[in-house]
1. List residues of the stretch 94-134, by number, whose backbone nitrogen lies under 16 Å from a label position 7 Å along Cα→C-beta of residue 175.
2. Would you mind checking 151/264; 192/244; 201/239; 201/244; 131/244; 225/255 for any pair whose Cα atoms are more than 31 angstrom apart?
3. Working out 0.36 nm times the residue gap between residue 224 and residue 93, then minus their Cα-Cα distance, what length gain in nm do you get to one decimal?
4. Under a point spin-label approximation (7 Å from Cα along Cα-to-Cβ), what is the residue 264-residue 168 distance to one decimal in nm?
5. Rounded to the nearest 0.05, what FRET efficiency is calculated for residue 210 and residue 252 with R0 set to 51 Å and r the Cβ-Cβ distance?
6. Would you work out if the stretch 163-215 is rounded, prolate or oblate? Take a ≥ b ≥ c from the square roots of the eigenvalues of the alpha-carbon gyration tensor; rounded if a/c is under 1.5, else prolate when a/b is larger than b/c, oblate otherwise.
7. Quote the FRET efficiency, to the nearest 0.05, computed for residue 185 versus residue 131 with a Förster distance R0 of 30 Å and r equal to the Cβ-Cβ distance.
Amino acid sequence: MNDERWVEERLRALDPGNDWQPDADRAYAGLQRRDRRRRLWNWSWVWSTAMASVAAAVLIALPTPARCAFVGVGCARPMVAASASDSTANYKESGSPQAPVTMEIYTDYECPHCATFYNGVYPQLVSEYVKTGKVRVVHRDFPLPQHAHAKLAARYANAAGELGVYEDVVRQLFSDQPEWAANGNVDASVSKVVPAETMRKIRGLVGSDSRLDATVASDMSMVMKDGIDQTPTVVFVYKGVRTKVTGIESFALLKAYLDELVRK
């Protein structure tokens, strides 16, 4: 009997008072608020998941004329595998030939965004991926027509390569870019990091050696094959597939992309 009385009392407590009236508008507004919260939570979860993937994903490259890349990233569809003869040899290559990933880096020595890449991103790439055997790098010249001194800078770099000081000169050209790009005195910038006797030989090659033009011509043929239209652009070669990525100016983004690539 006590149980029955307890139940009856609870049921009476649940009954609305005599003055209670249903409020459809208020109930509908409450349902809308709950629906908005649910949709917001779902959207936030999807957005967070998507952004985690996008950091390592490839975006769509802009089909515009050749230019220095803007800040940001864009990329194109994967390309077909290249033949062995497509790879530039010797001083323009670094890293283990057995590395699972090859990065072919198209640059213009006078492009400010290329300087940003080489001064900020490239040293960390070499330290964490090239020296550890994870990535092989191939340098490719893409002197843009709007840059008056880019071809001359490429000749100096490639002449330095013939004499075994390629990386030193490439690093100097990008770090000293504002100076020689303004006055055209590439020679003065290069001579800061090269011994006098080696510098004399570099000048001789720059003035007469046709091989320097040949290596640029070879790189320009790859520009056409890969559909490169801005600098810096990186073509990642992994498991026979070539994938083009433009405008990398963050090592964190490059690292995320490389780590995701080798996990596939």
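1. Zone members listed by number: 115-127.
2. Working: 151/264 38 Å; 192/244 34 Å; 201/239 40 Å; 201/244 36 Å; 131/244 23 Å; 225/255 26 Å.
Among 151/264; 192/244; 201/239; 201/244; 131/244; 225/255, the Cα-Cα distance tops 31 Å for 151/264; 192/244; 201/239; 201/244.
3. On the way: separation 131, 0.36 × 131 = 47.16 nm, distance 2.01 nm.
Using 0.36 nm per residue and subtracting the Cα-Cα distance, I get 45.1 nm.
4. Computed distance between label sites residue 264 and residue 168 equals 3.9 nm.
5. Values: r = 42 Å, r/R0 = 0.82.
Calculated value: 0.75.
6. Numbers: a/c = 1.62, a/b = 1.38, b/c = 1.18.
Taking the square roots of the gyration eigenvalues as a ≥ b ≥ c, the stretch 163-215 is prolate.
7. Values: r = 33 Å, r/R0 = 1.10.
Efficiency, rounded to the nearest 0.05: 0.35.
All of the numbers you see were taken from the coordinates with simple rules; none came from a lab. None of the values given here were measured: they were computed from a predicted structure. Here Cβ is always computed from backbone atoms with ideal geometry, including for glycine, and neighbour counts include all displayed protein chains.
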